[in-house]
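Here's the structure, in structure tokens; my notes come after.
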Amino acid sequence: MALTDTAIKQAKPAEKARKLFDGGGLYLLVSPDGGKWWRLKYRIGGREKLLSLGVYPDVGLKQARQRRDDARKKIADGIDPSAERKAEKAKTSFDRAGSFEATAREWFEKFSAGWVQAHAETVIHRLEADVFPWIGSRPVSEITALELLEVLRRIEARGAISTAHRIKQIVGQVFRYAIATGRASRDASADLRGALAPERERHFGAVTKPAEVAGLMRSIQSYEGSFIVRCALRFTALTFARPGEIRKAEWTEIDFESAVWRISAERMKMRREHLVPLSRQAIAVLRELHPLTGSGRYVFPGRVTARPLSENAITAALRYMGYSGDQMTAHGFRTMASTLLNEQGWSPDAIERQLAHAERDEIRGAYNRAEYLGERQDMMQKWADYIDRLASGASVIPFKAIA
């Protein structure tokens, strides 16, 4: 449904950035701090790209639509508006061409094609909101560590310690790109080691005791909300994949005959294909769901069937079932499974492969992907049997012993 001025004005920030779609690829990105940015998503030359169309309310709905229509006319003529904008910037003065913003945008354009889209959006948003307004116009070769520290201190002052650390890392990458392309001689961010407040340890609430897992699984079985969400909860407990991987699971990735979920490298955090062995229970969830969503792209679609389940759907369901953020989170299913699998004596390597954690040694990583698949298939089936037995009230026993 198309946006209205009233809907935009009334749009409130959420815990995570959210998108309000208008049509034709145009959407308004609403950040957790209340900022609103117009974006145009489009495809050209077989690639999906993003174009920034301004900040609301400086750019209103009518003006954003006009900018969208102008850009789409260019796209129809084979002109990439993002590339055109970049070419126009290249015609500016030497100082402007060597500015931090110009350098950062060039770096982003060069490397973001290989990133997960959500990560790319986060990076450019952080630069546009927290860096460019302060040092974007400054020649990248003249920016000092003190100037950069002042930028990061502003972020710290609002309590976003982790964001300050992430932005420092991003800025460091831009500086290193500037050095490689002859625009700077050193990385100013390197002088700020130890200058920021330490990051708080990130904690994902998770139940890890068998009795608590039993209660959770019974709550999922009796969940009275959306059938799709209930299936997603059950599937998450059975596979403990990352929340984003589950939300965007596609039917084409599911091999019912081999009982394997094959996630492409493009969708994985570590950019490597990941195989998820599916237990009989996981296959049963998918078969039960297939008549409802099997004609579409996504296994777990949201209210708009052309889009995947929302980021907050699983979290909202857990809250509805009475679990606070400190008790259980969508990511907590991974902690839950990892804790119990390790306690029960399963191979740490097999567990890490199932969690799709990075393998630093590439040769060892390739070996592990092949070596542990059989063990992981056995592990995942016994894990499914174990949590089902817990939910049914069975005695707590080591699930490696379950036949």
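The values are calculated or read from the model by the stated rules, or taken from the named source; none is laboratory data. Keep in mind it's a predicted model, so treat the numbers as computed, not measured. FYI the Cβ positions are ideal-geometry reconstructions off the backbone, even for glycines, and counts take in every protein chain you see. Ligands, DNA and RNA are excluded from the accessible area calculation, which covers all protein heavy atoms including side chains. Shrake-Rupley method; radii C 1.70, N 1.55, O 1.52, S 1.80 Å.
Descriptive notes on the structure:
- The accessible surface of the chain, taken with every protein chain in place and a 1.4 Å probe, is 50 percent carbon and sulfur.
- Taking a ≥ b ≥ c as the square roots of the eigenvalues of the Cα gyration tensor, an a/c ratio of 1.5 or more together with a/b no larger than b/c marks the stretch 299-355 as oblate.
- The helix-only estimate of mean residue ellipticity at 222 nm for the chain, built from DSSP H runs of length n ≥ 4 each weighted as -39500 (n - 2.57), is -15000 deg cm²/dmol after division by the residue total.
- Ranked by the mean number of other Cβ atoms within 10 Å of their residues, highest first, the peptides 6-14, 320-328 fall in the order 320-328, 6-14.
- Placing a pseudo-label 7 Å from each Cα along the Cα-to-Cβ vector at E88 and L373 gives an inter-label distance of 5.1 nm.
- Projected label points at R186 and R319, each 7 Å from Cα along the beta carbon direction, are separated by 4.8 nanometres.
- Computed over protein heavy atoms with a 1.4 Å probe, the accessible surface of the stretch 121-251 works out to 46 Å² per residue.
- Candidates per GluC sites (Glu not before Pro) in the stretch 1-99, loop by DSSP, up to 14 other Cβ within 10 Å: E15
- Structure-derived Cα Rg over 2.2 N^0.38 Å: which label, when the choices are [x] 1.01; [y] 1.32; [z] 1.11: [z]
- Between the C-alpha center of the stretch 155-186 and that of the stretch 223-282 there is a gap of 35 Å.
- Two-site FRET efficiency, I44 against S392, from Cβ-Cβ distance with R₀ of 41 Å, rounded to 0.05: 0.15
- Global geometry of the stretch 241-331, whether rounded, prolate or oblate, following the gyration tensor of its Cα atoms and the 1.5 cut on a/c: prolate
- In this structure the amide hydrogen of L26, modeled in the peptide plane, comes within under 5 Å of the amide hydrogens of K41, none closer than 5 places in sequence on its chain.
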